[in-house]
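Student: Pasting in a structure now, in structure tokens, and then I'll have a few things to ask.
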Amino acid sequence: QVQLVESGGGLVQAGGSLRLSCAASGSIFRINTMAWYRQAPGKQRELVARQNSGDVTTYADSVKGRFTISRDNAKNMMYLQMNSLKAEDTAVYYCNLNQYGTAHWGQGTQVTVSS
């Protein structure tokens, strides 16, 4: 059983910053991939950033240079530092853990950027 709990969302003005956190617990294996996804109203869920246990990272083009994903494997934590936020970043942000072909999701945290 794996549990993922996101925190750190909120309301911020355009140009501001937020830092999201994801706490993972349960059966976490050493080799896995963790990621942040987001879903805006009326849109499909999309990948924001992904990092595997070898620290290989992938970012969506829309967030490159503004967002930074990081992990603390010793604490089973993942973070998303979001800078220079734009109105189009408004969405529910989800933590994702994928290990051995099984995907686990958190409940999501709302990020709202006012223009």
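Student: So, in the range 7-39, of the ones that are part of a loop (DSSP other than H, G, I, E, B) and within 18 Å of SER84 (Cβ to Cβ), which residue ends up least open to solvent (accessible area, probe 1.4 Å)? Show your work before the answer.
Tutor: Step one: filter the range 7-39 for residues part of a loop (DSSP other than H, G, I, E, B), giving 8-9, 14-17, 27-32.
So of that shortlist, the ones also within 18 Å of SER84 (Cβ to Cβ) come out as 8-9, 14-17.
Working: GLY8: 35, GLY9: 34, ALA14: 56, GLY15: 54, GLY16: 18, SER17: 64 Å².
Result: GLY16.
Student: For VAL113, are the conditions met, namely being out of contact with any Pro (no Cβ under 7 Å at 6 or more places or on another chain), open to solvent by less than 20 Å² (accessible area, probe 1.4 Å) and part of a loop (DSSP other than H, G, I, E, B)?
Tutor: Working: out of contact with any Pro (no Cβ under 7 Å at 6 or more places or on another chain): yes; open to solvent by less than 20 Å² (accessible area, probe 1.4 Å): yes; part of a loop (DSSP other than H, G, I, E, B): no.
Criteria not met by VAL113.
Student: In the range 63-100, which residue that is open to solvent by less than 60 Å² (accessible area, probe 1.4 Å) and among the hydroxyl-bearing types (Ser, Thr, Tyr) is farthest from ILE31 (Cα to Cα)?
Tutor: THR90
Student: Still on this structure: Taking the range 40-56 as the region of interest, how many residues are at pLDDT 95 or above and surrounded by 12 or more Cβ atoms within 10 Å (Cβ to Cβ)?
Tutor: Selection size over the range 40-56: 8.
Student: If you take the residues in the range 44-54 that are part of a loop (DSSP other than H, G, I, E, B) and in contact (Cβ under 8 Å) with a residue 12 or more places away in the chain, which one is farthest from ALA91 (Cα to Cα)?
Tutor: To start, the set of residues in the range 44-54 that are part of a loop (DSSP other than H, G, I, E, B) comprises 44-45, 53-54.
Then keep just the ones that are in contact (Cβ under 8 Å) with a residue 12 or more places away in the chain; that gives 45, 53.
Working: ARG45: 9, SER53: 26 Å.
Filtering the range 44-54 for residues that are part of a loop (DSSP other than H, G, I, E, B) and in contact (Cβ under 8 Å) with a residue 12 or more places away in the chain, the one farthest from ALA91 (Cα to Cα) comes out as SER53.
The values are calculated or read from the model by the stated rules, or taken from the named source; none is laboratory data. Source: prediction; values computed, not measured. Reconstructed Cβ throughout: ideal geometry from the backbone, glycine too, with neighbour counts over all protein chains shown. Heads up: the accessible areas ignore ligands, DNA and RNA and are worked out on the full protein's heavy atoms, side chains in. Shrake-Rupley method; radii C 1.70, N 1.55, O 1.52, S 1.80 Å.
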